[in-house]
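Q: Structure in structure tokens, see below.
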Amino acid sequence: MLRTDAQDNRERVLAAARALFAERGVDVTMRDVARRAEVGPATLYRRFPTKQALLSEAFEEEVRFCSSIVDDGCTDPDPWRGFCSVVERICTLNIGNQGFVDAFVSGSPGIDALAEHRAALLRRLAELAGRAQAVGGLRGDFVVDDLVLVLLAGRGLASVPPAQREATARRFAALVIEAFRASDDDVTLPRPPRLITRPVRAPR
């Protein structure tokens with residue numbers, strides 16, 4: 001148990017970190033966080049010895065929301081509908097937190113605080129995508145790294161005025177879903193980049 005003043009300092013640090021990471025991404029320094037929280041560096045490092053530790057706790061709520069979104073999508077009896085709901089809800093969730101997206105797609109050991117969470121979610125999304133392909137909803141050449149591309153592209157939506165961001169994110173998600181939908185007219189896409197995962201194959 002922390003003393004009242006220590007607990008207050010800890011909560012101020014977390015609030016400052018969440019705000020800064022959401023606004024500016026994970027390049028925010030520990031000194032920036034201490035300055036925003038109005039605490040000394042020693043106080044910050046006493047509570048959070050590394051940036052990894054601070055990132056992990058600052059994004060705890062987003063991790064919980066992401067897991068819930070994927071759970072709901074995977075349990076939908078219609079895998080294509082479940083897949084579409086994941087795309088829309090994750091696009092909407094991530095529009096307000098630049099740092100969470102940066103940390104999720106990062107391959108840098110210095111800031112890779114979400115590696116375990118990311119690996120678990122991508123495994124489940126790969127399975128859901130395979131089922132959506134099997135029922136003919138999702139295009140056959142989809143790979144899970146395509147979702148990473150969507151997250152990277154969605155980073156640009158942070159420049160939209162706050163009042164319009166949710167509607168913009170929903171429109172963006174709808175366009176993405178149409179691009180992912182299987183069609184007799186599907187064109188051959190360029191070879192997918194290896195960002196995080198291996199290509200997903202439909203079950204045979």
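The values are calculated or read from the model by the stated rules, or taken from the named source; none is laboratory data. Predicted model, so just to flag it, every value in this text is computed and none were measured. Note: ideal-geometry Cβ built from the backbone for every residue, glycine included; neighbour counts use all protein chains shown. The protein model used for the area step is the full one, side chains on, heavy atoms only, and it has no ligands, DNA or RNA in it. Shrake-Rupley method; radii C 1.70, N 1.55, O 1.52, S 1.80 Å.
Q: State the volume of the convex hull built on the alpha-carbon positions of segment 9-83, expressed per residue in Å³ and rounded to an integer.
A: With only Cα atoms used, segment 9-83 gives 91 Å³ per residue.
Q: Between A119 and E166, what length in nm is gained on full extension when 0.36 nm per residue of separation is reduced by their alpha carbon distance?
A: Length difference between fully extended and current span is 14.2 nm.
Q: Additional query: Per residue, how much accessible area does segment 1-93 show when a 1.4 Å probe rolls over the protein heavy atoms, in square angstrom?
A: Working: 4920 Å² over 93 residues.
Normalised by residue count, the accessible surface of segment 1-93 is 53 Å².
Q: Bin by bin, in steps of 10 Å, what percent of the Cα pairs in segment 2-42 do you find, going until the bin that has the longest distance?
A: Once binned at 10 Å, the Cα pair distances of segment 2-42 give 33, 52, 14, 1.
Q: Here is a follow-up. How many nm separate the modelled label positions at D27 and A42, each set 7 Å beyond the Cα in the direction of the Cβ?
A: For D27 paired with A42, the spin-label model returns 3.2 nm.
Q: With viscosity set to 0.890 mPa s and temperature to 25 °C, compute the Stokes-Einstein D of segment 33-144, Rh being the Kirkwood radius across alpha carbon pairs; µm²/s, no decimals.
A: 157 µm²/s
Q: Run the dipole for the chain about the Cα centre, Lys and Arg Cβ at +1, Asp and Glu Cβ at -1, nothing else charged, and hand back the magnitude in debye, nearest 20.
A: 440 debye
Q: Still on this structure, please answer the following. Of P41, V160, S183, which is farthest towards the positive pole of the chain's charge dipole, taken about the Cα centre with +1 and -1 on the beta-carbons of Lys, Arg and Asp, Glu respectively?
A: It is P41, whose Cα lies furthest towards the positive end.
Q: Hey, another quick one. Can you find, among L14, G73, L138, the residue farthest towards the positive end of the dipole of the chain? Put +1 on the C-beta of Lys and Arg, -1 on that of Asp and Glu.
A: Of L14, G73, L138, it is L14.
Q: By how many nm would the segment from S67 to E11 grow when fully extended, if each residue of separation counts as 0.36 nm and the alpha-carbon distance is taken off?
A: 17.8 nm
Q: Hey, any idea what % of the chain's accessible area is carbon plus sulfur with a 1.4 Å probe? Walk me through the intermediate numbers first.
A: Working: 5790 of 11170 Å².
Result for the chain: 52 percent of the exposed heavy-atom area is carbon or sulfur.
Q: Same structure, new question: Identify the GluC sites (Glu not before Pro) of segment 18-110 meeting these criteria: DSSP loop state and at most 13 other C-beta atoms within 10 Å of the C-beta.
A: Answer by residue number: E38.
Q: Across 5 Å bins from the origin, how do the percents of Cα pairs in the chain run, short distances first?
A: With 5 Å bins starting at 0, P(r) equals 1, 7, 15, 17, 17, 14, 11, 7, 5, 3, 2, 1, 0.
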